[in-house]
Amino acid sequence: MLLSTFEAFKAHAHSEGQREACGLIVGEEYIPCRNVAPDMDDFEIHAEDWDAAEDRGTIRAVCHSHPGRSRRETEADLKGCKALGIPWFILGDDGLQRIDPEPIPLVGRVFDYGWSDCYSIVRDYLGDLPDFPREPEFWRAGHSPYEEQFEGLGFRRLDPTEALPGDVLLMRVLSPVVPNHAAIYLGAGWILHHLWGRMSCRELWGPWMSATTHVLRRDR
């Protein structure tokens, strides 16, 4: 999810107070919708709002908030996501969560920045990381959300010689200042990553070692 989309979703959630906010993403635009569910801790998008969103283009995702609660999906969220067949974003007091209707293969993904990119691979491989909004302009301005996000999520930095399977690698790829790419170390010299404009893949770390700036491990 791009930052502009996230900020619109976040502002709508804030305006709804303790009632769940809900909306749809068409393209990269967040479209707020009316919640007609009778329960404050539930949501149901008004049928007219859904139809109006469809008239504007293909609906890419459903968004809703968990005011006063965790971003973690409920059983109802999982069932609803699977039934609709598109991603859901959930905003809780502890950040943003993305869930998908079915597991997405880690290798062979088409690149789509903010939706299916190098952080998506890391998040889906590790399985318990939140999503976070990001814009290409961050990197160009010398700003690295990866460094900030991973520190806050409890990762610690290691020497590259200590790398173990499941560690996160940060790299500078065509970026002279800050790390702008993330990968997973798979062991035996192999990494899993998703470069801009390419399909996600497994390949040897060797050609990317000179670009690697951080080896990070999250203690559980």
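Bear in mind that the values in this text are calculations on the coordinates, not laboratory data. Keep in mind it's a predicted model, so treat the numbers as computed, not measured. All Cβ positions, even for glycine, are placed from backbone atoms using ideal geometry, and neighbour counts span all protein chains on display.
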| To the nearest 500 deg cm²/dmol, what mean residue ellipticity at 222 nm is calculated for the chain from DSSP H runs of n ≥ 4 alone, each contributing -39,500 (n - 2.57), summed and divided by the residues? | -7000 deg cm²/dmol
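Taking only C-alpha pairs under 8 Å that are 6+ residues apart, what is the relative contact order of region 59-165 in percent?
Dividing the mean separation by the residue count of region 59-165 yields 19 percent.
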| task | Could you size up the charge dipole of the chain around its Cα centre, putting +1 on the beta carbon of Lys and Arg and -1 on that of Asp and Glu, and report it in debye to the nearest 20? | result | 880 debye
| task | Please find, in a Gaussian network model of the chain (springs between Cα atoms separated by less than 10 Å), the residue of 96, 84, 170 whose mean-square fluctuation is greatest. | result | 84
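Which FRET efficiency, nearest 0.05, do residue 44 and residue 175 yield, Cβ-Cβ r, R0 45 Å?
Numbers: r = 44 Å, r/R0 = 0.97.
Given R0 = 45 Å and the Cβ-Cβ separation, E is 0.55.
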| message | For the pair residue 102/residue 196, report the inter-label distance in nm, with labels modelled 7 Å from Cα in the Cβ direction. | response | 3.1 nm
| query | How large is ³J(HN,Hα) for each residue in region 164-180, as worked out from phi by the Karplus curve 6.51 cos²θ - 1.76 cosθ + 1.60 (θ = phi - 60°), to whole Hz, x for Gly and Pro? | reply | 10, x, x, 6, 9, 10, 9, 9, 9, 10, 6, 10, x, 10, 10, x, 10
| field | Leading residue at positive end of dipole, the chain (Cβ point charges), from 59, 113, 38 | value | 113
